[in-house]
């Protein structure tokens with residue numbers, strides 16, 4: 001990862017903030033750390049552009065979601081929400097407000113780093129010499145847009161690939177069909193909610209014994225979750 005990659009970290013817990021900052025610093029990221037929403041907004045608006053923002057969902061002065069709203073008024077910088085709020089409602093709210101990823105606390109620092117790297121790569125800021133994203137038996141080459149299952153290439157349509165990449169970049173995040181349509185294909189794609197179900201069905205068939213990676217969440221939509229058991 002390039003030394004010029006700039007991260008804005010917003011976290012009110014002093015110990016966690018320092019731990020994340022130290023860890024990312026040791027992995028060649030440049031980190032600006034803020035303890036509250038006001039200082040985060042000030043840094044965002046007055047410092048040179050950041051490559052990615054790690055945003056606590058619960059801050060002492062301004063709610064993290066309100067900070068996200070402020071950011072989205074002027075910027076599409078990648079944002080990862082870090083929050084102890086685990087409900088589907090909170091996660092969906094974060095995505096609707098423009099978050100690119102949502103990670104619930106507690107989390108492993110190594111996992112956070114992988115989420116950052118994957119998101120930067122997807123948004124054009126990643127290391128093109130290391131284009132792979134791996135989850136369980138799956139591995140994606142994000143430059144060649146190829147999918148490997150247990151090291152054997154499987155053929156996917158462009159829509160299947162886009163959805164699988166989105167799932168893998170947002171592991172364990174519950175998402176509605178509306179959210180998936182909007183975040184994966186946006187306004188340029190004309191389809192309905194059944195489109196998501198159709199593509200999921202196609203992907204599950206191709207994943208075979210690993211089709212359980214794509215989990216149906218009753219009344220909401222789907223999530224991607226790797227289970228070691230087939």
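Key figures for this structure:
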read-out	value
Selection within the range 79-93 - surrounded by 14 or more Cβ atoms within 10 Å (Cβ to Cβ) and over 14 Å from residue 10 (Cα atoms)	85, 88, 90, 91, 92, 93
Hey, residue 48 at pLDDT below 90, outside the structural domain of residue 170 (by TED's automatic domain parsing) and either at positive phi or out of contact with any strand residue (DSSP E or B) (no Cβ under 8 Å at 6 or more places or on another chain) (or both) or not	no
Qualifying residue in the range 186-201 (condition: out of contact with any helix residue (DSSP H, G or I) (no Cβ under 8 Å at 6 or more places or on another chain), modelled with pLDDT under 85, more than 24 Å from residue 91 (Cα to Cα) and surrounded by 13 or more Cβ atoms within 10 Å (Cβ to Cβ))	no
Filter result for the condition that a residue is within 14 Å of the chain's Cα centre (by Cα) and surrounded by 14 or more Cβ atoms within 10 Å (Cβ to Cβ), over 57, 98	98
Check on residue 24, out of contact with any helix residue (DSSP H, G or I) (no Cβ under 9 Å at 6 or more places or on another chain) and on the phi < 0 side of the Ramachandran plot	no
Selection status of residue 108, loosely packed, with under 13 Cβ neighbours inside 10 Å and at pLDDT 80 or above	yes
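The values are calculated or read from the model by the stated rules, or taken from the named source; none is laboratory data. Keep in mind the model is a prediction, meaning the values are calculated, not measured. Quick reminder, even Gly has a Cβ in these numbers, built from the backbone with ideal geometry, and neighbours come from all protein chains shown.
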